[in-house]
Amino acid sequence: MHIRRVFRLIGLLLCFLGLSMSLPLLVSLIYNDPSTRPLVFSIMLCCALGLVIFFLSRGEEITHLSHRDGVAIVTLGWLAAGLAGALPFLLSGAFDNFTDAYFESLSGFTTTGASVLSNIEKLPPGILMWRSVTQWLGGMGIIVLSIAILPFLGIGGMQLYKAEIPSPVVDKLKPRISDTAKILWKVYILITALQIALLLAGGMGAFDAVCHTFCTMPTGGFSPKNASIAHYNSPYFDAVIIVFMLLAGINFSLHYRLLKGEAAVFGRDPECRLFLSLVGIFIVLVTLDVYGSVYSSLSQAFRYAAFQVSSIITTTGFVTADFDQWPSLSRNVLVLCMFLGGMAGSTGGGLKTMRVMLLAKHAYQEIFRIIHPHAVTTVKLGGKAVPGEILSSIWGFFILYLGIFVISTMIMAALGLDVISAFASVAACIFNVGPGLGSVGPVQNYLHLPLLGKWVLMFCMLLGRLEIYTVIVLLMPEYWRK
Amino acid sequence: MAHGASFRGEFMKIIIVGAGEVGYQIAEKLSEENQDVFVIDKDPEKIRRITENLDVQALHGSGTSPEMLKTSGIKEADMLVAATDSDEVNLIACLLARNLNAYILKVARLRNPEYLKEKELFSRDLLAVDRIINPESVMVETIRNLMMLPGASDVVDFEDGRVKLVGITIKPDSPYAGRQILSFQGLEGRVLMGAIVRGEQVFIPHGEDTIRSNDLVYLVVKSDAMPYGFGFFEFEPNEGRRVFIVGAGETGSALASALEREKMPVKIIERDAHKCAALAEKLDKAIVIHGDGTDKDLLQEENIKDVDFMVAVTGDEENNILISLLAKALGAKKTITRINKLSYISLVSAIGIDTVVSSRLSAVRAILQYIRRGRIISVAPLKGEHAEAIEAEALETSDIVNVPLAKVKFPKGALVGAIIRGEEIIIPTGNSVIKPKDRLIILALHQALPKLEKLLTVKLDYF
């Protein structure tokens, strides 16, 4: 690892995050709220710290980054982002201790949306906007954004890109990685603008519309309202947000191809087909389950089922109903949704549809082989054989996920949480969903958890967002061996 | 190399078929200039290597598959470079490209001399290959150049050879080791120190810099100035000098015929009896010997100690290195060794091998020269890879014209090596003035290229 290169980029990243606080600052000036001073201080602190690190670590060229540098920059970069994000929370007095501020900030950047705030609405608008901005930046990836903006990264950008967007199959839209990053961000901004416009058209206030959109597109789930989307009780807002949550859960390169005029991309992509069919099946299942038992009308049942399923499977975490009170089948379906997550290349978390699909196909192939021991078979995706090494890397990924999941659940249980809460809190954090079940359910929050429990969950969020390998690699002694 | 985020859209889209050593090198150079590069190869291992190391789009598939070429977007591409090791694949790729996109420029790497003889094959009506690169013939040319300049390790021709860029390795016992650049003032106007390669580093020297032993010094010279003394080159006419060639492959036999025409006594050793017989039939005066180039007794029997040049050009590069070392130990005056792996090139001078030639480096040079033609007329990567010699035209609008060179603010790491004004060639001094339409040979480090472009008001990726 080239320590100077790593820190030089992290210095830049800090400056950058400092500057991104200008939007909340603007909001705070408009509303003339008490968060102006804390935000100005945060900007100055971030930029000053960033510049100091940037200049202290000069001396090495940063154009060629190795794999090792890449994972270090991304992991440390995200930890630093959490720190920068916590500053406005701490300085404005929204939290009185570092752990909670860091939890809220990291939960924002990783687009988890798990909150430790019990009364969100009492915070000044500037701070609420910053909460949303952390999610929006974290969704498409702060590092990918820097690749798009910093042209000198060159091929070094590829190492960072792979570390931050670890997709089972690398999707390069353009020969140059910085162009790919630019396209992804442009598509992201475009869809964001569209959603803001639609929410405004439905009569949502400008501030709320921006905040909610900033948390929908990254599949984040923070809301400036205590009751989340349920606050509005509007079928129109529900519908708009359902559509955009699903769009955010779809691979962004498909959006790009759609915008370029390719027809029927969603239907032709095998992963997208599976993702949308699963969403459909789950909505039907939950609708039938809650019809009669919770809601007396079928349309009500469908409205709430559709919203909750879309929100959880894309790992957004907005709520319009307390699904913790729903019958057991529905709750089970929602937990399954947490595991599945969105598509590879989307802003959603979870295992990703692509991986689940390939694992299922591989498992089927093994069964097939028992029946036809001499058959030559391959796992195919869209007509092309998937190399064995990709399959084994997905299995490794799956096992690691399960292992970390089990250990974290054990720790949470040991800290005194009941079985469901322990399980759901880890699932909600590692899959970047936000609301879980039991004591961390949709109308609860994470404030009551013990200190150690919060740190375990923060670790889970980061693992989930960077998809395990990038973070785990840094913890291996082998990584640090010369 | 971050030049040009602002002028997107003017970049070329280039498809390279074959991610072997040649394709890889070209892709690397072009992606450093921010061109849109697509590389197609059948070997997943090579595709993986290229995706890991280069910022280009690597596609796994066959370059002779129309489907694959369409996927790579050949319809909007500006150029196709067919650089695989197989002539047939390269030709088919060009043919398909022509069929899919009538306007695309096609560069093909071709090695089989029989194809090259069929001139009509490449005409507008048939394959329509715009440029054929034959690394072997380029290499034969390089070897002959090197023989003319026995002290040189690398020679690049500009302006049909009227200006030469000569690379010289400074031996520890050389009288020039330890001398400052300033002390060569007597040569001003005739010879110019262009660049120094020291280990892995390349730099453009200043007056205060000192030449050290084992440096590879690049000099810009007029070819007609070479015979006039200057011990650097040990220039000698070729006639009557004894040459020993090991390996009668395409390069070896082409070289033997060429040298025979120049009336040089040539001996050529080949292990394969059939090749020996065929060659003996083709050659008149040259002596064809059937045997092993690593056989010490055979070499001694054939008077290796009186040989002026030992040229090891078998297909096996490790073998070539050993043959050269052996010949050196047995008394051969100078060795020329063929090496393909470009990563070996920076190593070999350390083990006492004089001069290295590489067909792949030749191919890379030739292809890049063609791609970058435009107002930047040609370009040649120097050994050591991080510097290039660029041939460019001085535009009227540029800040460099009509001012004495000493007053021009050249970017650090760039230097004008020669000015070509019509028939006249000027090796510049501080007082020289560049006129519009002059052609310049500039030596530049990679990081100086963006600033240089600005100064020349030419974009390297003009067109």
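The values are calculated or read from the model by the stated rules, or taken from the named source; none is laboratory data. This is a predicted model, so every value here is computed, not measured. Positions of Cβ are generated from backbone atoms using ideal geometry, with glycine treated the same way; all protein chains shown enter the neighbour counts. Just so you know, the surface numbers come from the protein's heavy atoms only, side chains and all, with ligands and any DNA or RNA stripped out. Shrake-Rupley method; radii C 1.70, N 1.55, O 1.52, S 1.80 Å.
General remarks:
- Residue count for the range A:180-219 satisfying the condition of being crowded, with 20+ Cβ neighbours inside 10 Å and within 14 Å of another protein chain (Cβ to nearest Cβ): 3.
Listed here are the residues, each with its yes/no results for (1) open to solvent by 20 Å² or more (accessible area, probe 1.4 Å); (2) farther than 25 Å from residue A:254 by Cα; (3) within 18 Å of the chain's Cα centre (by Cα).
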{"residue": "A:320", "(1), (2), (3)": "no, yes, no"}
{"residue": "A:326", "(1), (2), (3)": "no, yes, no"}
{"residue": "A:331", "(1), (2), (3)": "yes, yes, no"}
{"residue": "A:337", "(1), (2), (3)": "no, no, yes"}
{"residue": "A:343", "(1), (2), (3)": "no, no, yes"}
{"residue": "A:361", "(1), (2), (3)": "yes, no, no"}
{"residue": "A:371", "(1), (2), (3)": "yes, yes, no"}
{"residue": "A:387", "(1), (2), (3)": "yes, no, no"}
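- For the range B:387-409, the criterion of a residue being out of contact with any Gly (no Cβ under 6 Å at 6 or more places or on another chain), open to solvent by 40 Å² or more (accessible area, probe 1.4 Å) and touching a residue at least 60 places away in the same chain (Cβ under 8 Å) is satisfied by at least one position.
- Filter pass, residue A:349 being without any contact (Cβ under 8 Å) to a residue 40 or more places away in the chain and either closer than 30 Å to residue A:441 by Cα or open to solvent by less than 30 Å² (accessible area, probe 1.4 Å) (or both): no
- In the range B:310-359, the residues that are within 23 Å of residue B:298 (Cα to Cα) and in a loop (DSSP other than H, G, I, E, B): B:313, B:314, B:315, B:316, B:330, B:331, B:332, B:333, B:352, B:353, B:354
Residue-by-condition table, conditions (1) at pLDDT 95 or above; (2) under 19 Å from the mean Cα position of the chain (by Cα); (3) not charged (D, E, K, R):
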position	(1), (2), (3)
A:173	no, no, yes
A:181	no, yes, yes
A:197	yes, no, yes
A:204	no, no, yes
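- Condition met for residue A:297 (open to solvent by 30 Å² or more (accessible area, probe 1.4 Å) and either in contact with a His (Cβ under 9 Å, 6 or more places away or on another chain) or not basic (Lys, Arg) (or both)): yes
- Residue within the range B:278-285 that is open to solvent by less than 20 Å² (accessible area, probe 1.4 Å), under 23 Å from residue B:114 (Cα atoms) and assigned to a helix (DSSP H, G or I) present: yes
- Per-region count, the range B:200-245, residues at pLDDT below 70 and in a loop (DSSP other than H, G, I, E, B): 16
- In the range B:25-84, the residues that are within 12 Å of chain A (Cβ to nearest Cβ), under 28 Å from residue B:447 (Cα atoms) and in a helix (DSSP H, G or I): B:27, B:28, B:30, B:31, B:32, B:47, B:48, B:50, B:51, B:52, B:53
- Contacts under 8 angstrom Cβ, first residue in the range A:387-401 being more than 19 Å from residue A:377 (Cβ to Cβ), partner open to solvent by less than 60 Å² (accessible area, probe 1.4 Å) and part of a helix (DSSP H, G or I), 6 or more apart: A:397/A:355; A:398/A:355; A:398/A:359; A:400/A:472; A:401/A:430
- Each residue in the range A:424-448 was checked for being open to solvent by 10 Å² or more (accessible area, probe 1.4 Å) and of a type in the set (A, V, I, L, M, F, W, C), and 3 of them qualify.
- Within the range B:411-436, considering residues that are within 15 Å of residue B:455 (Cα to Cα) and open to solvent by 50 Å² or more (accessible area, probe 1.4 Å), the one modelled with the highest pLDDT: B:435
- The residue pairs whose first member lies in the range A:466-480 and is part of a loop (DSSP other than H, G, I, E, B), whose second member is hydroxyl-bearing (Ser, Thr, Tyr), and whose beta carbons are closer than 9 Å, counting only pairs six or more residues apart or on different chains, are A:466/A:75; A:466/A:110; A:467/A:167; A:467/A:401; A:468/A:401.
- Take the conditions (1) part of a strand (DSSP E or B); (2) within 26 Å of the chain's Cα centre (by Cα); residue B:288 misses just one of them, which is (2).
- From A:128, A:83, A:123, A:90, residue being surrounded by fewer than 24 Cβ atoms within 10 Å (Cβ to Cβ) and under 19 Å from the mean Cα position of the chain (by Cα): A:83
- Across the range A:131-171, the qualifying residues are those that are farther than 25 Å from residue A:8 by Cα and modelled with pLDDT of 90 or more, and the one among them that is nearest to the other protein chains (Cβ to nearest Cβ) is A:132.
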